[in-house]
Amino acid sequence: MTTLPAQPATILAALGNATGTDQANSGVLVRSFVIALLIMAPVAAWQWRRIKQARAAARAETADGTEVAGPRDQGDDNSLEALMESIASTVHGMAPGDSASFTAAGGLTIDGQAADPPLIDVLLRDSIARHGLQVVSVDRQADATVYRCQLH
């Protein structure tokens, strides 16, 4: 690999040649942008209209007070969410060293859908740990699992 000395005349000549090429390339670039804009503008306008209509419908539902009930609003006592909320409320009134037990009934749901027991176990143990509790024992029964915990 040989290195040529940089002479001002050589650099100016190279820039002079590149300028013509750059002008041709920028013309192609501008033309390509305009074509892409013409193709995508109708799609963008259609999508924008869909988003506006969906937001307007959501605002109309909340203004009428007829919100769609989510899984928590349906009163599902057999949900993992309800059990996690009970863990949070129980821990709130505990002092270090206190213990509590939580019963996970068989067939717990997540967002209103049935969930696998191993997933329930992992999520429940995570929630227990996040609230500063330590699982002391786990008693697995036919229809439920009881987690006995102690606050650090």
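The values are calculated or read from the model by the stated rules, or taken from the named source; none is laboratory data. Please read all numbers here as calculations on a predicted model, not as lab measurements. Neighbour counts are summed over all protein chains in view; Cβ atoms, including those assigned to glycine, are modelled from backbone coordinates with ideal geometry.
Would you mind telling me which numbered condition in (1) surrounded by 11 or more Cβ atoms within 10 Å (Cβ to Cβ); (2) modelled with pLDDT under 90; (3) within 30 Å of Ile120 (Cβ to Cβ) His92 fails?
The single condition His92 does not satisfy is (1).
Residue check, Leu4 against (1) in a helix (DSSP H, G or I); (2) at pLDDT below 70; (3) over 28 Å from the mean Cα position of the chain (by Cα), all met but one. Which one?
Unmet for Leu4, out of (1) in a helix (DSSP H, G or I); (2) at pLDDT below 70; (3) over 28 Å from the mean Cα position of the chain (by Cα): (1).
Looking only at the stretch 94-141, count every residue that is within 20 Å of Asp77 (Cα to Cα), part of a loop (DSSP other than H, G, I, E, B) and either in contact with a Cys (Cβ under 6 Å, 6 or more places away or on another chain) or in contact (Cβ under 8 Å) with a residue 24 or more places away in the chain (or both) and tell me the total.
The number of residues fulfilling the criteria is 6.
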